[in-house]
Amino acid sequence: MESLVSETRTPIRIGDRSTSDVVVRIRTQEGRDDWFYCHSQVLIEKSKYFADRLSENWPTCQILDSRNCVEVYCQESEFDHHVSVLRLLYNVIDGFVDDMWHGVKNALGILQVAVNLGCPQIITACVDYLEAVPWEESEEEEILKIIPRLGTQVEPILARLLPVKQSAIMGIFFSTIRFATSSPPPIMNDLKSSAQEQLEYMLTEDDDAPLLAADDEIKSEVKDCVKRLFERFNNLLEALLCEMELFSDGGKMQSFQSLLSDLSWACQILCKLEIMRELVCNWTDASDKIVKVVKEASPTAELIETKLRVIEVAAKILEAIGYGTVILPSAKRLHMVKVWLPFVRVAKPLIDSVTTARDDAPTLKMDSELWQSLESTFVSVILALPSAEQAEILSEWLGNEHIQYPDLTEAFEKPGEKGG
């Protein structure tokens, strides 16, 4: 056979009866029985199973034309894959054609047969294909069922499903939190929003454990990033306070709103990690400046949205104070009420008038539960104050034109009746 190939330089092909010296019969229990005219040279070189069957240690039966016959029994569902493997024994020599696999499911079937028949070249080519192509969810489930029982030679297929090392996850987290708390050009805002969503996912606990364990190193990095974020916010506050006509620069308005949105998002992350204290203290100290900047700003359409963004952050800060997440002295708590209660009750009617205006009015994305939650928070903060300060706040509320919101009725108790 070798002399024939070398003399003619014509590649041998499966089914070439004139050069075939062995017949492979693929049979099923259902009675299917197909004959394939093959060449022992190819079979022995590329398949351990056929090398064993065609050795002197294995009995063979002779059929017409004195050809050896090797019978291979398989399930009906595996028949086509056995045929494909026979054909691939002739095609996978120095390389292979990518479109020979006809999809992930078919490649899995071929791989199982190749492993059973001991065909290393086909196994390698099949592994390379399955490792490189995308999988649908159903295909991934099938891969997880089949591949683990096929041995170490096919393990590269599962590389994409292996758990990521904690050090690598932390590296991703650090890079993402730094970007998510940065101030990139506006064209990258969508990318930054995606980064923020990804961070929330990494820290979220559901039926499974969170992707990342929030250890001291993680918390320290988050605190540093949020600290830098607030420093940029505070620097912008100082710059705006120094201007005669605040917010006359549209770019500064955009930057102010963007930083407020980032701080609102940061509150969620800090809450998950139980490290709100530094931001709460910084916001408390800056509250007078924040309210002054917004009150003195030139009246524009964007100003209403800015007020809403300010209130969203303030609500989360007040919630941390009101429900004991962050413990502040009563003087600080009283200061927060005196600063934000007047601001909120004046801003709410203005914001409501825009969100309920005509169809062509600017649309504000507002959490429908924001006002209710903020009202409950004010009540909680007030009830924790000394009685004299409660009385002062409630007296002012009863005499104010904006008595409807926030409704402080729950905090209105007669002196001496609280605490039983």
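Indicate the gyration tensor shape class of the stretch 166-411 (rounded, prolate or oblate), computed on the Cα atoms with a ≥ b ≥ c the square roots of the eigenvalues: a/c under 1.5 is rounded; otherwise a/b larger than b/c is prolate and the rest oblate. Judged from the Cα gyration tensor, the stretch 166-411 comes out oblate (a/c at least 1.5, b/c at or above a/b). On the basis of the beta-carbon distance and an R0 of 25 Å, Gln372 and Glu396 show a calculated FRET efficiency of 0.70. Annotation for the stretch 94-182: trypsin sites (Lys or Arg not before Pro) lying in DSSP loop with at most 14 further Cβ atoms inside 10 Å of their Cβ are Lys165. Label sites at Asn57 and His335, each approximated as a point 7 angstrom past Cα along Cα to Cβ, lie 8.8 nm apart. Once the chain from Arg232 to Ser138 is taken as fully extended at 0.36 nm per residue, the excess over their C-alpha distance is 29.1 nm. With distances taken between every two different alpha-carbon atoms, the stretch 97-233 has a Kirkwood hydrodynamic radius of 18.3 Å. Given their separation in residues at 0.36 nm each and the Cα-Cα distance between them, Lys165 and Lys48 gain 38.4 nm when the chain is fully extended. Per residue, the stretch 22-160 exposes 55 Å² of accessible surface when a 1.4 Å probe is rolled over the protein heavy atoms with every protein chain present. With both labels modelled 7 Å from their Cα along Cα-to-Cβ, the Tyr201 to Asp34 distance reads 4.3 nm.
With a Förster radius of 45 Å applied to the C-beta separation of Tyr323 and Thr152, the computed FRET efficiency comes to 0.25.
Convex hull volume of the C-alpha atoms in the stretch 22-160, normalised per residue: 120 Å³. The share of accessible area on the stretch 94-224 that comes from carbon and sulfur is 52 percent, using a 1.4 angstrom probe. Converting phi to 3J(HN,Hα) with the Karplus coefficients 6.51, -1.76 and 1.60 and the offset θ = phi - 60°, the stretch 275-285 yields 9, 7, 3, 4, 5, 4, 5, 5, 5, 4, 5 Hz in sequence order, with x at every glycine or proline. For Lys145 and Asp285, a Förster radius of 60 Å and the Cβ-Cβ distance give a FRET efficiency of 0.55, rounded to the nearest 0.05. Coupling constants for the stretch 187-193 follow from the phi torsions by the Karplus curve (6.51 cos²θ - 1.76 cosθ + 1.60, θ = phi - 60°), and in residue order they are 4, 9, 4, 4, 5, 5, 4 Hz; glycine and proline get x. Gain on full extension, evaluated as 0.36 nm per residue between Asp190 and Arg178 minus their Cα-Cα distance, stands at 2.8 nm. Over the Cα atoms of the stretch 106-164, the radius of gyration divided by the Kirkwood radius equals 0.93; this is the Rg/Rh ratio.
The values are calculated or read from the model by the stated rules, or taken from the named source; none is laboratory data. Fair warning: this is a prediction, and the values are worked out from it, not measured in the lab. Methodologically, a virtual Cβ is constructed for each residue, glycine included, from the backbone with ideal geometry; neighbour enumeration extends over all protein chains shown. Just the protein is used for accessible areas: all its heavy atoms, side chains included, with ligands, DNA and RNA removed. Shrake-Rupley method; radii C 1.70, N 1.55, O 1.52, S 1.80 Å.
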